[in-house]
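Asks: My questions will all concern the structure given below.
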């Protein structure tokens, strides 16, 4: 049985609910992408390039010589490590709302090979995280929070910056 326009719309990608005669279009209205729905690696890479373009997080001179934690054997060799770590920290603050240095140290820590002894979890270095948070605070992206949960949270300017980067990812 040919119903004409309805069959044409269904063949072009639309969906029809069998219980109702309502046509659902194959497209959705233009909306902003949510940061949680974007792949973390893809989002962090885009945020890192935006941070590098804006020049918000200058890399300190000592950053080339320090390890990211006691569990690592060598310092990071990526040329834009600082921007990638800053992007990752900003994303973590967006997701967790209020985050302190200790929570981030636990997040970026890892397994330490201790030779004959069994491996153990070791927290990451706090200096890198603290410096990035201080740079973000001076840029106006995060602010300190006192109260029941202490730490740092995003400012409206920081949320706007992160959501702007999310909307540019297709």
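Asks: Would region 105-128 turn up any residue that is under 29 Å from residue 54 (Cα atoms), in contact (Cβ under 8 Å) with a residue 60 or more places away in the chain and in the same structural domain as residue 82 (by TED's automatic domain parsing)?
Replies: Yes, some residue in region 105-128 is under 29 Å from residue 54 (Cα atoms), in contact (Cβ under 8 Å) with a residue 60 or more places away in the chain and in the same structural domain as residue 82 (by TED's automatic domain parsing).
Asks: Counting only residues that are in a helix (DSSP H, G or I) and in contact (Cβ under 8 Å) with a residue 24 or more places away in the chain, how many does region 50-63 have?
Replies: Looking only at that region, the number is 4.
Asks: Are any residues in region 79-90 without any contact (Cβ under 8 Å) to a residue 40 or more places away in the chain and either within 18 Å of the chain's Cα centre (by Cα) or not in a loop (DSSP other than H, G, I, E, B) (or both), and if so, which ones?
Replies: 80, 81, 83
Asks: Go over the candidates 70, 50, 45 one by one and state the one that is modelled with pLDDT of 60 or more and more than 24 Å from residue 139 (Cβ to Cβ).
Replies: 70
Asks: Among the residues of region 64-78, is any part of a helix (DSSP H, G or I) and surrounded by 15 or more Cβ atoms within 10 Å (Cβ to Cβ)?
Replies: no
The values are calculated or read from the model by the stated rules, or taken from the named source; none is laboratory data. Bear in mind that the values here come from a model prediction, so they are computed numbers and not experimental data. As a convention, Cβ positions derive from the backbone with ideal geometry for all residues, glycine included, and neighbour counts pool all protein chains shown.
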